[in-house]
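Structure first, commentary second.
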Amino acid sequence: MLFEKFEYMAEFQAELDAQHVVPFGAITEKILSATEAVVSGRKVILAGTNNYLGLSFDPRCISAAQEAAGKWGTGTTGSRLANGSFIEHETLESELAAFYGVNHAIIFTTGFAATMGMCATLAGPGEVILLDADSHASIYAGAQLSGAEIIRFKHNDPEDLAKRLRRLGERTSQTLIVVEGIYSMLGDKAPLQDIVAVKQEYGGSLFVDEAHSMGVLGTHGRGAVEAAGIENEVDFIAGTFSKSLGATGGYCVSRHPELETIRYCIRSYIFTASSSPMIVAATREALQILQSEPGLRRKLWDNTDRLYSGLRALGLSVGTSPSPVVAVTLEDRSQAISCWSALMEAGVYVNLVVPPASPSTNFLLRNSVSAAHSSAQIDTIIAAYARLVDAGLIDVEQVA
Amino acid sequence: MTEHQEYLDFMYSVLEQHNKGGLVLSETTELVADIGLSSLEVMEFVEKIEDQFDISIPLNILPDVNTLGDFARKLDELDS
């Protein structure tokens, strides 16, 4: 009886089974490189991985992980509060803080735990969380756990944010404003300068989740906040190790010394095992590479511009400006499933995104670009989409 | 202060486009069970009310809202 509320999912699964399509949980049987794998029995170009700098296969990161496993074992078997704080964890926190030019950082076992934990802790009953409507599930989850009043503002709309802050009056001093640097599904960027201007006028504390923008934006790769030139105006920056840094984990940094005060109040920090030392070591190495090799970011954006321009030239609906997340928007679910399947047959793996993960009622063929992609691979991806158009599977007039 | 009936009248006008069954909308009409709004449509409905009455509606109240009457009463509380 508990499962009755999931009937919609059973129907969707039946639809996929009938078409013999496995877009969710497709099994990767073999990884060939940061950009190629054997997925569901087929060799594919990986175009939906968030591996923005391609560091998951960097030999230096792999070597660091191997050495750490030999030295520290496979896991800490404890939380950071108990026996799970190794010198590696503390060192990574120091290195992250230094990277951001602040004094305080906390690392988490996953990015979800980081943003959920911070949102659940920073605001509480009687206080307010004002979040962008397209916020990640981890932010919504944390907001719900916090006990604070949760108010959405229209996506990327500083005027709507201003309206809601104005209505709060003096309560803005107890308000956490939450936005992202680059939004995960459509790849659009937050208008951070305008958001900061609103915050300066009305008050509030600003939290920016840079999961998809760290390593991607900014002269030094610190993210959207750096790119917008507003680092002194942001109270908390959170991010993940599972995208640009090619590992697993998350973090929050702040210039506020009180971040240290609340460390042991964050339930997703104290009530879970800490990161395996080999993951921490790989992440530390990736962070060093990110800083010492800005050419990776340039290559990422060269590939981004190539893919975005190529798909746009086909007449596909890919948003208003290039981003390493390039989502092709479709209105029809069956069509989206057929296109995903056809792309797989053409040797291109992308993410199929359906509501509610998609921020609207539309469906997405979500591509993410890596610095590790070759130009030939990007051209192969574009060619695969061109075949969809030629075959009538995507009619450019039908896309949203 | 907005009158309770003002909230209801506005809700009725917005929901007519979703009222494919031609129901007579009233305080006891349920947003999901009767009109069949999706979760996204509920959020869009909330936004329209916020814009119309210049109020912010916390998401926290939504689990307690089934009918239009429930919603109007919650809005009364926010207004006070």
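The values are calculated or read from the model by the stated rules, or taken from the named source; none is laboratory data. Owing to the predicted nature of the structure, the values given are computational and were not obtained by experimental measurement. Note: ideal-geometry Cβ built from the backbone for every residue, glycine included; neighbour counts use all protein chains shown.
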Inset, instruction - From (1) within 14 Å of another protein chain (Cβ to nearest Cβ); (2) at pLDDT 95 or above, pick out the condition that doesn't hold for A:M185. - result: (2)
Inset, instruction - Pull up segment A:114-129, narrow it to residues that are surrounded by 24 or more Cβ atoms within 10 Å (Cβ to Cβ) and touching a Cys at 6+ places or on another chain (Cβ under 9 Å), then point me to the one that is farthest from the other protein chains (Cβ to nearest Cβ). - result: A:A114
Legend entry - Criterion: surrounded by fewer than 18 Cβ atoms within 10 Å (Cβ to Cβ), farther than 23 Å from A:G54 by Cβ and not polar (S, T, N, Q) - qualifying residue of A:D395, A:D305: A:D395
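Conditions tested, residue by residue: (1) touching an Asp or Glu at 6+ places or on another chain (Cβ under 6 Å); (2) over 14 Å from A:C252 (Cβ atoms); (3) at pLDDT 95 or above.
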site: A:C61; (1), (2), (3): yes, yes, yes
site: A:E67; (1), (2), (3): no, yes, yes
site: A:G75; (1), (2), (3): no, yes, yes
site: A:S85; (1), (2), (3): no, yes, yes
site: A:L96; (1), (2), (3): no, no, yes
site: A:Y100; (1), (2), (3): no, no, yes
site: A:F112; (1), (2), (3): no, no, yes
site: A:G117; (1), (2), (3): no, no, yes
Legend entry - Subset of segment B:14-40 [within 14 Å of another protein chain (Cβ to nearest Cβ) and in a loop (DSSP other than H, G, I, E, B)]: B:V32, B:A33, B:G36, B:L37, B:S38
Legend entry - Matching option when the condition is in contact (Cβ under 8 Å) with a residue 24 or more places away in the chain, assigned to a helix (DSSP H, G or I), within 14 Å of another protein chain (Cβ to nearest Cβ) and within 9 Å of the chain's Cα centre (by Cα), among B:F45, B:F10, B:F71: B:F45
Inset, instruction - Evaluate the following for A:V198: is it surrounded by 17 or more Cβ atoms within 10 Å (Cβ to Cβ), more than 20 Å from the chain's Cα centre (by Cα) and within 12 Å of another protein chain (Cβ to nearest Cβ)? - result: no
Legend entry - Count - residues of segment A:130-174 that are of a type in the set (S, T, Y), over 20 Å from the mean Cα position of the chain (by Cα) and more than 11 Å from every other protein chain (Cβ to nearest Cβ): 2
Inset, instruction - Go through segment A:329-382 and give me each residue that's outside any helix (DSSP H, G or I), away from chain B (no Cβ under 14 Å) and among the acidic types (D, E). - result: A:D332
Inset, instruction - Collect the residues in segment B:48-68 that are of a type in the set (A, V, I, L, M) and in a loop (DSSP other than H, G, I, E, B), keeping them in residue-number order. - result: B:I55, B:I57, B:V65
Inset, instruction - Within segment B:52-62, identify whether any single residue is more than 10 Å from chain A (Cβ to nearest Cβ) and under 10 Å from the mean Cα position of the chain (by Cα), and answer yes or no. - result: no
Legend entry - Residues that are in a loop (DSSP other than H, G, I, E, B), on the phi < 0 side of the Ramachandran plot and crowded, with 19+ Cβ neighbours inside 10 Å, drawn from segment A:27-55: A:A34, A:T35, A:A47, A:G48, A:T49, A:N51, A:Y52, A:L53
Legend entry - Cβ pairs under 6 Å, 6+ apart, first in segment A:295-316 and farther than 25 Å from A:M214 by Cβ, second part of a helix (DSSP H, G or I) and of a type in the set (V, I, T): A:G310/A:I382; A:L314/A:V389
